[in-house]
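First up is the structure itself, then whatever we jot down about it.
The values are calculated or read from the model by the stated rules, or taken from the named source; none is laboratory data. Bear in mind the structure is a predicted one, so any value in this text is a computation, not a measurement. Neighbour counts are summed over all protein chains in view; Cβ atoms, including those assigned to glycine, are modelled from backbone coordinates with ideal geometry. The area values use the complete protein model at the heavy-atom level, side chains included, leaving out ligands, DNA and RNA. Shrake-Rupley method; radii C 1.70, N 1.55, O 1.52, S 1.80 Å.
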Amino acid sequence: MVGPLIGAVAAALAAGAGTWAFANEFLPGARMANAVGVGAVVFLLLALYGLARTLYLYRSWRYVVREESLYLTRGVFTKVQTVVPYVRVQHIDTRRSAFERALGLSRLVVYTAGSRGADVTIPGLTPERAEDLQSRLERLAIASEDEDAV
């Protein structure tokens, strides 16, 4: 979730710096102040875009712990629905990047049997909620070991 925000802020900084460099090189005196103002506006617009995109992505995530599977849906423009049967769960991790720790967030990663990259992530959880969900999914996966995979 933080990737889009960081990308938008980096783009905004680059746009502002590029506008300032262009104004400094090609515009004399008073016109440079106008260019710096335009750079500031471009920076703010791109930063707001990044924030709005991040919020929409965050709000698009849903998960439901069902009796036999974990159901996830996500996406703003393209909706993706994933069903993870508990019999396919290999292991479950909680992760916290430096940025997530600063925000007091965590994410849960459920690794499944299958091809490379066969894992699902639930971002934006509090550390306590991620640990509770990890324990709950672990119990459900162990209970379903005797069942056949879908």
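A compact table of results
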item: Arg53 vs. criteria modelled with pLDDT of 90 or more, among the basic types (Lys, Arg) and surrounded by 13 or more Cβ atoms within 10 Å (Cβ to Cβ); result: no
item: Single residue of Arg53, Arg101 found to be within 30 Å of Ala17 (Cα to Cα), out of contact with any Gly (no Cβ under 8 Å at 6 or more places or on another chain) and in contact (Cβ under 8 Å) with a residue 12 or more places away in the chain; result: Arg53
item: Residues of region 94-109 satisfying the condition of being surrounded by 12 or more Cβ atoms within 10 Å (Cβ to Cβ) and more than 15 Å from Leu133 (Cβ to Cβ); result: Ser97, Phe99, Glu100, Leu103
item: Residue within region 73-85 that is hydroxyl-bearing (Ser, Thr, Tyr), at pLDDT 85 or above and either open to solvent by less than 70 Å² (accessible area, probe 1.4 Å) or touching a strand residue (DSSP E or B) at 6+ places or on another chain (Cβ under 7 Å) (or both) present; result: yes
item: Test: Glu25 is open to solvent by 80 Å² or more (accessible area, probe 1.4 Å) and modelled with pLDDT of 90 or more; result: no
item: Subset of region 68-115 (residues that are of a type in the set (S, T, N, Q) and in contact with a helix residue (DSSP H, G or I) (Cβ under 6 Å, 6 or more places away or on another chain)); result: Thr94, Ser106, Thr112
item: Test for Val65: is it in contact with a helix residue (DSSP H, G or I) (Cβ under 9 Å, 6 or more places away or on another chain), among the hydrophobic types (A, V, I, L, M, F, W, C) and exposed (fewer than 13 other Cβ atoms within 10 Å of the Cβ); result: yes
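Every residue, every condition in (1) under 15 Å from the mean Cα position of the chain (by Cα); (2) open to solvent by 60 Å² or more (accessible area, probe 1.4 Å); (3) at pLDDT 90 or above; (4) polar (S, T, N, Q), yes or no:
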| site | (1), (2), (3), (4) |
| --- | --- |
| Leu48 | no, yes, no, no |
| Leu57 | yes, no, no, no |
| Ile92 | no, no, yes, no |
| Asp132 | no, yes, yes, no |
